[in-house]
There are 2 protein chains.
Amino acid sequence: MTEILSDSEADRRLGFRAGWVRTGAVISREVELASFPRAIEVVNRVAELAEAADHHPDIDIRWRTLTFRLSTHSAGGLTAKDFDLAAQIDEVL
Amino acid sequence: MTEILSDSEADRRLGFRAGWVRTGAVISREVELASFPRAIEVVNRVAELAEAADHHPDIDIRWRTLTFRLSTHSAGGLTAKDFDLAAQIDEVL
C-alpha cells in the first residue's frame, strides 16, 4: 500500500522539483521542446519510464509543448510514486 | 490559404468520420487502446502523419485512452486539412 503524503511533506518534496507545481492532489510540469518530433521523443522516453514504474502520468501534447500530470489515483492522493516518477521525468528533460 | 468550411460542409464531412464529434471549430475523437504501450504506438504513428502534413492535433494521453483534437488555428476554423488528417488517423486506429 502506497501511503498518501501530507501536504507539508508533498510541498517539501516539491521543493526539489523545479518546474513542477502542485494543485491539490496533482503535481504537473509543462515544458516546451525545440520541435514537435523532439516532443514526441520525450513522450516515448517518459512512456518507457511510466510503464516500468507501472505509474502513468496524464500527458497533454500541444504541438511542441508537453504537460505531465501525476497523482496516485488508486491511493486518492499524492504518494512517493508521483515524486519518484517526476524525478525520472526531469532527467529526460 | 486554406479555406474555412461552413458548418454544413463540416457536418457533411463529419458524416464520413465515425467516432469523431464536432464542437464548434474543433473535431475530436477519443479511443481506448488495449494497453498503454499500444496507445503510445498509436501516438507515434499519428505523430508521423501529423509532421508529414505539417498539421498537429492536440493529443491527450490518459493511460490507454487517447483523445485527438483537430482545428486549423491559422485559419480560425475547421478546414479540409482537419478532415484529411482525421481520415489518416482513422486508418491508424
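Throughout, read-outs are computed from the coordinates displayed, never taken from laboratory work. Keep in mind that what you see is a predicted model, and the values were worked out from it rather than measured. Note that each Cβ is placed from the backbone with ideal geometry, even for glycine, and that neighbours are counted across all protein chains shown.
Some notes on this structure:
- Using Cβ point charges alone (K and R +1, D and E -1), the dipole size of chain B about the Cα centre works out to roughly 280 debye.
- Comment: the Cα-to-Cβ extended label point of A:GLU51, at 7 Å, lies 1.9 nm from its counterparts in the other copies, nearest first.
- Copy-to-copy label separations for A:GLU32, where each label sits 7 Å from Cα toward Cβ, in nm and ascending: 3.6
- Computed per residue of chain B from DSSP H runs no shorter than four, each worth -39500 (n - 2.57), the mean residue ellipticity at 222 nm is -13500 deg cm²/dmol.
- For B:THR65, neighbours were defined as the other residues whose beta-carbon sits under 12 Å from its Cβ, and their charges (Lys and Arg +1, Asp and Glu -1) total 0.
- Highest-MSF residue in chain A out of A:THR65, A:THR79, A:THR23 [GNM, Cα springs under 10 Å]: A:THR23
- Label-point distances for A:ALA75 to the equivalent site in the other copies, using a point 7 angstrom along Cα→C-beta, read 4.8 nm when ranked shortest first.
- Think of chain A as having a plus end and a minus end, set by charges on the Cβ of Lys, Arg, Asp and Glu; of A:ALA47, A:ALA75, A:ILE4, A:ALA47 sits farthest toward the positive end of this dipole.
- GNM flexibility winner over chain B from B:ALA80, B:ALA34, B:ALA50 (Cα, springs under 10 Å): B:ALA34
- Number of partner chain Cβ atoms within 10 Å, mean per residue of B:30-39: 1
- Placing R0 at 22 angstrom, the Cβ-Cβ distance between B:ASP54 and B:PHE16 gives a FRET efficiency of 0.45 after rounding to 0.05.
- Nearest residue to the symmetry axis between B and A, taken on chain B by its Cβ, in whole Å: B:ASP60, 3
- Semi-axes of the equivalent ellipsoid of chain A are 23, 14, 11 Å, computed as sqrt(5λ) over the eigenvalues of the C-alpha gyration tensor in descending order.
- Applying 1/(1 + (r/R0)^6) with r as the Cβ-Cβ distance of B:SER35 and A:THR23 and R0 = 41 angstrom yields a FRET efficiency of 0.90.
- Span from the the stretch A:25-44 Cα centroid across to the the stretch B:17-87 one, whole angstrom: 17
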